[in-house]
Amino acid sequence: MKADEGGMSGRLHFPLRIPFVEQLGLELWGFGDGKAELRVDLAEVHLNSWQVAHGGVLMTMLDVAMAHAARSHHSHDPAQGPGVATIEMKTTFMRPAEGRLRALGALLHRTTTLAFCEGSVLDDGGRLCAHGTATFKYLRALPTQGRHAKALQRATPAPETPT
C-alpha cells in the first residue's frame, strides 16, 4: 500500500473477482503490508430509510477491507496467495455515514490458518462511523455441497494504459 501526502496514491484493481463488491461500486485504494483501504461514493442504492448508508454497506466495506488486509501479508505476491473466509465479525456503529466513505482494514495477528483483523469506516470529514473486528480462515479452495471445492475467482489483469 503506497501513501502520498493526501492518503493513498491511486485506485487499484481488486486481485480477486467479487461480483457483489463490484455491484456495490467499492473501489480498492490500498493493498499491502497487512493493510487495505476501500472507498465508495454513496448513491441512493446504498441508503436506508433514513437516507444514510445502510448498515449492510458498512459491514460489507469492513469485511472486504479486513479480508484484503489479511490476504495482503501472505507471500511475496498477495494477489496469488490463498483466499480467506470470514469466521466471525463484530461491528459497532458510531454515527450515520454519508458522502464519500473510506474503510481501512488492518491485520493484527496471523497464524498459519487464521487472521485476526480490525477495520474502521470513516466519512469524508474523517469521523469514525463504524468499527469492526473479524477472524478469517485462510483457504485455497472453498468446500461446497457434495465433495466439490470452488476455486478463487482471480481477477483478470488490468489493461495497460498508454502514457
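The values are calculated or read from the model by the stated rules, or taken from the named source; none is laboratory data. This structure is a prediction, so every number in the text was calculated from the model and none was measured. Cβ placement follows ideal geometry from the backbone for every residue including glycine, while neighbour counts extend to all protein chains displayed.
So if I check each of Leu101, Leu107, which one is surrounded by 21 or more Cβ atoms within 10 Å (Cβ to Cβ), aliphatic (A, V, I, L, M) and touching an Asp or Glu at 6+ places or on another chain (Cβ under 8 Å)?
Leu101
Evaluate the following for Leu139: is it surrounded by 10 or more Cβ atoms within 10 Å (Cβ to Cβ) and either within 22 Å of Asp33 (Cα to Cα) or under 16 Å from the mean Cα position of the chain (by Cα) (or both)?
For Leu139, the condition - surrounded by 10 or more Cβ atoms within 10 Å (Cβ to Cβ) and either within 22 Å of Asp33 (Cα to Cα) or under 16 Å from the mean Cα position of the chain (by Cα) (or both) - is met.
Of all residues being of a type in the set (D, E, K, R) and in contact with a Gly (Cβ under 8 Å, 6 or more places away or on another chain) in the range 117-131, which is farthest from Thr60 (Cα to Cα)? Just the residue, please.
Looking at the filtered set, the residue picked out is Asp124.
Kindly check whether there is at least one residue in the range 69-76 that is closer than 20 Å to Gly126 by Cα, in contact with a strand residue (DSSP E or B) (Cβ under 8 Å, 6 or more places away or on another chain) and of a type in the set (S, T, N, Q).
No, the range 69-76 has no match at all.
Does Gly30 satisfy the condition of being in a strand (DSSP E or B), of a type in the set (Gly, Ala, Ser) and touching a Lys or Arg at 6+ places or on another chain (Cβ under 7 Å)?
Taking the combined requirement at face value, the residue does not satisfy it.
Of the conditions (1) in contact with a Phe, Trp or Tyr (Cβ under 8 Å, 6 or more places away or on another chain); (2) loosely packed, with under 12 Cβ neighbours inside 10 Å; (3) hydroxyl-bearing (Ser, Thr, Tyr), Ser49 clears all except one; give me its number.
Ser49 satisfies every listed condition except (1).
When the range 100-119 is examined, which residues are found to be in a strand (DSSP E or B) and without any contact (Cβ under 8 Å) to a residue 40 or more places away in the chain?
Of everything in the range 100-119, those that are in a strand (DSSP E or B) and without any contact (Cβ under 8 Å) to a residue 40 or more places away in the chain turn out to be Leu108, His109, Leu114, Phe116.
Filter the range 33-69 for residues that are outside any strand (DSSP E or B) and in contact with a Ser or Thr (Cβ under 9 Å, 6 or more places away or on another chain) and give the result.
Asp33, Gly34, Gly55, Leu58, Met59, Leu62, Asp63, Ala65, Met66, Ala67
Can you pull out the residues in the range 16-41 that are among the acidic types (Asp, Glu) and either closer than 15 Å to Ser120 by Cβ or under 10 Å from the mean Cα position of the chain (by Cα) (or both)?
Passing the criteria: Glu27, Glu37.
So which residues in the range 63-110 are at pLDDT 95 or above and among the polar types (S, T, N, Q)?
Hits for the range 63-110 are Thr86, Thr91, Thr92.
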